[in-house]
Each structure stands twice: as C-alpha cells, then as structure tokens.
1. Would you mind finding the one in 51, 75 that is over 30 Å from residue 125 (Cβ atoms) and modelled with pLDDT under 95?
2. Tally the residues that are surrounded by 10 or more Cβ atoms within 10 Å (Cβ to Cβ) and farther than 18 Å from residue 68 by Cβ, restricting the search to the range 94-122.
3. Exactly one condition in (1) in contact (Cβ under 8 Å) with a residue 40 or more places away in the chain; (2) touching a strand residue (DSSP E or B) at 6+ places or on another chain (Cβ under 7 Å) is not met by residue 71; state its number.
4. Can you tell which of 145, 62, 150, 83 is in contact with a strand residue (DSSP E or B) (Cβ under 7 Å, 6 or more places away or on another chain), in contact (Cβ under 8 Å) with a residue 60 or more places away in the chain and buried (at least 16 other Cβ atoms within 10 Å of the Cβ)?
C-alpha cells in the first residue's frame, strides 16, 4: 500500500485572506466600507501521477473602498475597485489573470422622495501590460504587447435623472452621457516630437521643479523626484 501512495501523490495549497470593514458615522453623514482579499494557491503533482495536471503557482488580490455621503437631499457616492492576479503554470512563467482599475464618483440631489438628478464620472483602465500569446512557425510561444496602463483607458461622464422607488431599486435616465478614450502618453509625446524637436528635451530630464518623464514599456510615466 505504501508503494502506491507516491504514484497518487499531489499537493494543493490554498491560502485565502479576506477582510471587510463597514463604518457608519451618523454625525458626519458618511457611510464607509472596505473590502480587501489576498488569495494564494499552489498545485504540485508527483512525476508518478498519471491522470494529468500542471504544476502552478498563482495569486490574486482585491481592494474595494466605498465612501458615501447622505444628508438631507444631497448625496455623494465614491468607489475605488482594484483587482490584480497572476498565475505561473509550469514552463510558461507568470501571466496575468486579473487586472482592473476602476474609480467612480457620483453627486446627486433629490427632487422629491422618488426622483433625483445627478452628475457622475468614472474611470476604467488597468495596472500592467497585457500580452497576447501565439505560437510562431518554430513552435515557440511568444507574447505580443497589446495593452498597458491608459492603453486603453476610459473616462465616462454623465448627467441625468434617477428614479428610486425603493432603497434597493434604482433606475437612471442619461440624456447627456459622454465617453472618452484615453491613449497612452508615449504616443502623444512621440507625435509632439515629430512636430517640434524641442519636445525631445522634455523627456528623461528634469522639468518644472523636479518633475520627470520616463519611458517604460511603451508608456510615459510621470513622477516627482524628492
């Protein structure tokens, strides 16, 4: 019996950490909530295991924060939602499985107990570069960069009316929605360089009291050096 066990052996390790905090401050009219989670998992199969399977190591994280204000007829809802995850299957290296950066804010005012008007804005993009994997003529799998931070990025603004017959039921009418597609700044910088050589001097050197521009993975990152 002991000789059979190594042939059937595999291990699966999973760690899940999650927290949720809800705080209501009646004095300041704020209701705040925080959700955070970190999941780690690993699968390892013995070389004697004949039923198939791939060794893997992965993780994913979640961060969600809401801060909502309500006083009299005025309301202001805010949300930050972030997701990121990667997995490393044997022989493939780490690859992204989740990537989301979402910011949302909405300012509203009640016209009567069931109707209100609002103005809202949200931003949607991702944290890191995204790749499309394809096998070339030699049978080698290669990754092609297809996305990164702000490529694409979406900024949506809207102005409209809400009908809320119940606290858990809400209908919105948006006569003035507007979507904007944001492009990565490196493409804009390269266009400006073609238009005027002086723009080239702004890249990779100090400008405006210590602000720096750095080219990274086809994206311009802006930071302040302290």
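1. When all the criteria are applied, what remains is 51.
2. 11
3. Failing condition for residue 71: (2).
4. Result of the check over 145, 62, 150, 83: 150.
The values are calculated or read from the model by the stated rules, or taken from the named source; none is laboratory data. None of these values were measured; they are calculated from a predicted model. We place every Cβ from the backbone using ideal geometry, glycine too, and count neighbours over all the protein chains shown.
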